[in-house]
Structures are given as structure tokens and as C-alpha cells.
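Just below is one structure, and these are the notes that go with it.
The values are calculated or read from the model by the stated rules, or taken from the named source; none is laboratory data. As the structure is a prediction and not an experimental result, all values here were calculated from the model. Neighbour counts are summed over all protein chains in view; Cβ atoms, including those assigned to glycine, are modelled from backbone coordinates with ideal geometry. Each accessible area value is taken on the protein alone, full model and side chains, heavy atoms only, with ligands, DNA and RNA left out. Shrake-Rupley method; radii C 1.70, N 1.55, O 1.52, S 1.80 Å.
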Amino acid sequence: MAPALPAQSDIAQTRSPLRRGEMSDQYRHENDHLHRIRHSAAHVMAQAVLEKFPEGKVAIGPAIETGFYYDFDLPRPLTPEDLEEIEARMREIITEGYDFVYQEVDEEEARHIFSDQPYKLELIEDILAGGLDEHGQPPEGKPTLSIYRHGPFVDLCRGPHVANTREINPDAVKLLSVAGAYWRGDEQRPMLQRIYGTAWETAQELEQFLAWREEVEKRDHRRLVRELDLLSFHEEGGPGLAYWHPKGGRIRQVIEDFWRARHREGGYEIVFTPHIGKAELWQQSGHLDFYRESMYAPMDVEGMEYFLKPMNCPFHILMYKTRLRSYRELPMRWAELGTVYRYERSGVLHGLMRVRGFTQDDAHIFCTPQQIEGEVLRVLRFSLDILRAFGFSEFQIYLSTMPKKHVGEPAQWEQAQESLRKAIEAEGLPYEVDEGGGAFYGPKIDIHIKDALGRTWQLTTIQFDFNLPERFDLAYVGEDGKEHRPYMVHRALLGSLERFFGILVEHYGGAFPVWLAPVQAVLIPIADRHVEYAYDVAERLRAAGLRVEVNDSGERMQAKIRDAQMEKIPYMLVVGDREAEAGQVNLRRRDGEKPGAMSVDDFTRLAQEAVEERRLL
RNA sequence: GCCACCCUAGCUCAAUCGGCAGAGCAACCGCUUCGUAAGCGGUCGGUUGUCGGUUCAAGUCCGACGGGUGGCUCCA
């Protein structure tokens, strides 16, 4: 992948979507009134905070997808008790019923009003200087300074707000947390205290939101991977490095086997490359110039510097260059489950979602300009097909186009972008265009999936690269006998296996569909005299390709069922006198359904069918 | 990395103001042989993350380090 590869880095590592605010539609839709309520609640909160800390300085406090926040510079750190106090005071202010009053002010007034608020003064400067809007464009016309007052509180603010604090439902407001945040997000600037809160129209909506948050917590992969004995992290081994236990390993094997099989069918060749490479290679690829801060320190090998690989692309390129390539060999699609290591700052590590070592399901497609359109459509269909197999059915697609700073010819970009656009449209999928949002080396498509909790995650990325083929002087001999530059496309479908696994765990809440479940069925002998029969059945089921265990502990059947439920094993097969006699198993499913007694063959068929169809149960 | 908070048995958590480190679950050993989400009894389990400091006395107070959690422009 090209230097400074933000996108692949993104897919592999994109963080919790909660803040990205892509929850479910009910929360997501722009609701003007709700937005006003939240923004107004932020002002009310600021008032309450300033009453408590009159010397406090206020920064900014917008409404966000799930509520609002406000940043403060305060004389001491806030405690949970402070939050309770502030929240209680907010309710009082709300019921006191102040009108929100809009007023435009000139520069002098504004400076006077906020004379002891340095952050506001800085904002005034910026606005007057024609501060850039969110698109980086200067606003049209003369900048206007406006303020909003409610009761004793005044804030530099564009609005809009509700008419009166009473429009905020005091029973639907809650402060959630306090966190550090740099002034204007800049690490060079002061660290402020940010209070996050949420506000809704009704107490019931607040309840629903809080229940949703609880559900998110229950499904937290960091908890589930430990409880289900799938994976661990080790203080002694270093943060951000995952250890796959046998049960996690089984799931990963299923994922990888499926991935390999599909790739073979999809016309890919599977390759393997080393974990380290000489500085020279990373110099030529440009990584040392543009990506070094994400790479680990070099190791000295017989006087030569070697680096742990943060990406696989330079290695694939070396293989491409082992001989002269003919147009007849193209397209070449090379895929690798390549384990890469990237330095991530300690503060951003997060379970499996953001780690320091991970395996990318990477591939590089080398093709002619004439083939590009077909290749893009092919890879897009391929990706969606695989994502659907894992149980995701809702997608959002983003097309990112040429930024101002770029390499390659605009005509190439145009062709590449058109091929991406046509592919999306051919699939009849809705998409958004991020104009100028591509990497400097090429345009891309990203696919985001929506999980069971309505959160979205970026998984797939399909990116053109006009940079590396130049840097490595890639060529193929065309029909005309002359050398041409091939097109190169990077793509990762699942992103990182670690992160994808974390997403799967949360999507299914640990209750994997049968084809992925580490243990698909557990035999539960009722008494010791049934253990032998249980093992016989288990043997038959294993021979049929199922992952089966026998619970031969001295526990009672009830306890064994409970254990199986806790482990979220899809099928529990109770065997007692009746079953042993009739050569049957008595099926209880994870969801509590009890299909009852059936022959071992019938159960085998049922389970195999669930596996083939990738059903939950 | 930075800010705040957290770290007690494998897990979830107790331990008043600084005064003898505890419980449930798990594990192990027995007994029980049972029909759809926990049978009964016993045993084991700890340098309270690490190192240092204050104190007659530290799980508790202070500092450093390690690890984790929530955040670090959704833009007046």
C-alpha cells in the first residue's frame, strides 16, 4: 500500500462507531427540535458549571448525535459527585424557565462581553478573520457575531436554540461522563475538561438510549472474548497484541478457510511474504518518508537495517517484478493474510478494535487500464458477497475522489473514479461521494456495514494506487510489444482479522451462527451410565464434520445445560435412558427452543444444513 | 503521547477514620446419578499491578512506573 496509507490504516483500525454517531436510524435522523434541545442543554450545563466555578473558562459546547458536550477550563478536575450536582442544578435552571434570546453584536460588544473568556475571544478573532467552515471554505459575506442569552448566561453562539429552557425535558437529560479534550483538538494546546451529556424529548427516549448503552456494554467484545475463552491480552506480553486461544482459534480458522476458498473461486492467488524487510525497500516504497511514525524501530541484522512490515504491498510488488509481465497474464490478483505491525499510541489502543499487530486480508490487483472497470465491479461484488455471508446486510458506500495534492494524471483519476462509480451503480447501492477525500495516490471506495445494534463499522476498502507502480517502475508488455504501466488496486475486505472478529463478537453478542461457533453441539449425559453413549454419538457427529464436546462432569443435567447456555453453544443434546435406548438425541437449542428427541442422523442433517446455510441456529 | 479515573484470589466484588485481607462463582476432592438455566459438603487459592516514600502501623496517604477505562474539533 502506498505511503501514508490512511485508508487501509482506517479500515484496519477504525474506532468505536459510537462517537461517529452512526447508531440506528431513530437516533440518526436530523431532528431539528432535538438538536435545539441538546444545544440548549449544553448552554444550561455551562451556566451550572460557571455558577459552581465562577472563575472557569468556557470553550465550545455543541449538540452531537447522542446528546451534547461542553468543554471547560476549570481550576480542578471534576468528580462524579460534581456531575451529579451540576445535573441537579441543570434541572432547576430548566424549570426556572428562561427565554433564549438571540442578538447580533458588533466586534466591540463581543470583546467586551467575553473579555474574561479567552477561548471565546479566540473564536471571535477567527470568525472575524472569516474563519473557515466545516468544508474549509470561507463563509460568504461579512461574518456576523451573535450571542444567545438565557437568564444570567450568555454565550457566543450561532444557535439555534429552543425558545425557553422549559422546552428541555428535565427528566430526559443526563450527564454521562467527563473526559479530557484538547482545545480545538490540538495536542499543542491546553487540555480542557469535556462533560458529555445526553438529552431527549421524553424520559422514555432517555430510558431507551440508556438501555441501548447497556446492551452495548453487555456485548463488549473485551468482556465476551474473555468470558468465552476466545482470546486474551497480556500485560507481560505488551499492550495491543492479541493471543488467540483454542476456541478463538477455531473461529479464526473457519473464517480463514472460508476466506481462502472464496478467494480461490474468485480468481485470486494466495501468496505469503515475510514479516520484515530491509530499509532500502521501505525507502523505495516511500514508507520511511511518509509512514515512519507508525513503524517500529529498525533492527540491525549484520549491519543492515530491517523493519517490521506495516503493510504488505511492497512485498507483492517485488514478486510482480521477478520477471517481465505480459498483458496476457493480467489481471493478477494476489491475496495474502498478512500480519503487520503498526505503532499505535498507547492511548488509542482498544481491545481488538485497535491493536498494534494484526492480520490484514489484503490483496493487490495488477491490471491494464482496459480491465479496470471490470475488476472494480468484480471486487465490489465479491466483497459484498463475503460480508453478507457473515450476516451483514446493510451497507453504506463512500466514494472518495481526487484531492488537491495528488500523484498521477487527472485523466487516470477520472477513469478510476468512473469505474468505481459505475461499479457501485451497477450494484444498485446508495452511496455518498467524498469530493477530494481520496488519498494522494488514488481514489477509493469504502464499505461500511451496520451491525445488530445499529452501529456502523468501516470494513472494506478498495483503493487505486498511482504511486507505487511509479516508484517501483512497474510494467507489463502490451499487445503492441511496448512497455506499459499497470494499474494497481489495493483492497482489504474484512480489514483486520482481529478487528473483524471483535465486530463479529459484538454483532452476535457472542452467540455465533452455527458455522462459526467454536463448539457447535454439546452432549449432555443425564447420568454417568449415559456417558459412553454420549461419546459414541459425539464420535459420529465429529465424523460428520461437526465440532462437538461431551460434558461428562459429575454435575446434574440442569447445571450442564446452564453451562452450555453460558457458553452460548448452539445445540445441547441431552442423552438419557430413553435416547440411549432409541439411538436418539434430545435437542435443546441455545434460544430455548426444544425440538426434542430425534435420531442422530436427523440431528446431523439439521446441523449440517444450518452450517451450509450459515444460519444462526 | 496528553487529561481524568481505575487496578484486592482465575472471574465478579467486600474490607468504617490508616489498625488481624474476606465472600460468591470457578478450580480441586468427596458424596449425589439426577429429564431441559446453578444438588450438597469440604479443600486450595493473595508480596492487595510493580518499585519507592510517609507512619508505631499502608489494600487505604504520597510519588514513579506498568496495565486498563472514558475521551482528545460532531466546530461559535
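Descriptive notes on the structure:
- Our note on the geometry: Cα centres of the stretch A:151-186 and the stretch A:558-578, 51 Å apart.
- Between A:V105 and A:L145, A:S146, A:I147, the built amide H atoms are under 5 Å apart, and every one of these is 5 or more places off in sequence or on another chain.
- Vicinal HN-Hα couplings computed from phi for the stretch A:211-218 (Karplus, 6.51 cos²θ - 1.76 cosθ + 1.60; Hz; Gly/Pro x): 5, 4, 4, 5, 4, 4, 5, 4
- Highest mean packing comes first when the peptides A:178-188, A:483-493, A:595-605, A:193-203 are listed by Cβ atoms within 10 Å, giving A:483-493, A:193-203, A:595-605, A:178-188.
- Listed residue pairs exceeding 18 Å between alpha carbons, taken from A:K57/A:K174; A:K422/A:K444; A:K560/A:K594; A:K278/A:K309; A:K247/A:K568: A:K57/A:K174
- Taking 7 Å steps out from each Cα toward its Cβ at A:S393 and A:Q103 produces label points 5.6 nm apart.
- C-alpha center-to-center spacing [the stretch A:466-520, the stretch A:396-435] in angstrom: 18 Å
- Share, in percent, of DSSP beta bridges within chain A that are antiparallel, nearest 5: 85 percent
- Surface per residue (accessible, 1.4 Å probe) for the stretch A:31-213, Å²: 50 Å²
- Amide hydrogen proximity for A:I270: with H placed 1.01 Å from N in the peptide plane, the residues at 5 or more positions away or on another chain lying under 5 Å are A:A335.
- Structural descriptor for the stretch A:521-612: relative contact order 28 percent, calculated from alpha carbon pairs under 8 angstrom and at least 6 residues apart.
- Per-selection metrics, chain A (Cα): Rg and Dmax in Å: 28.9, 94
- Other-chain or far-sequence residues with amide H under 5 Å of A:N164's (modelled H): A:F100
- The mean sequence separation of alpha-carbon pairs under 8 Å and at least six residues apart, normalised by the residue count of the stretch A:150-195, gives a relative contact order of 27 percent.
- Cα centroid separation, the stretch A:216-249 to the stretch A:260-295: 27 Å.
- 3J(HN,Hα) from dihedral phi, the stretch A:556-564, Karplus parametrisation 6.51/-1.76/1.60, rounded to Hz, x for glycine, proline: 6, 3, 4, 5, 5, 5, 4, 4, 5
- Per-residue HN-Hα couplings for the stretch A:414-430 [Karplus 6.51, -1.76, 1.60; θ = phi - 60°; Hz; x = Gly/Pro]: 4, 5, 5, 4, 5, 5, 5, 4, 4, 5, 4, 5, 4, 7, x, 9, x
- The dipole here belongs to the stretch A:521-612: it is taken about the Cα centre, uses +1 on the Cβ of Lys and Arg and -1 on the Cβ of Asp and Glu, and is about 300 debye.
- Accessible area per residue for the stretch A:429-508, computed on protein heavy atoms with a 1.4 Å probe, is 27 Å².
- The stretch A:529-617, accessible area per residue, ligands and nucleic acids excluded (1.4 Å, Å²): 56 Å²
- Where a label projected 7 Å from the Cα of A:L128 along Cα→Cβ would reach, residues of the stretch A:104-118 with amide N under 15 Å: A:105-118
- Whole-percent carbon and sulfur share, accessible surface of the stretch A:521-612, 1.4 Å: 43 percent
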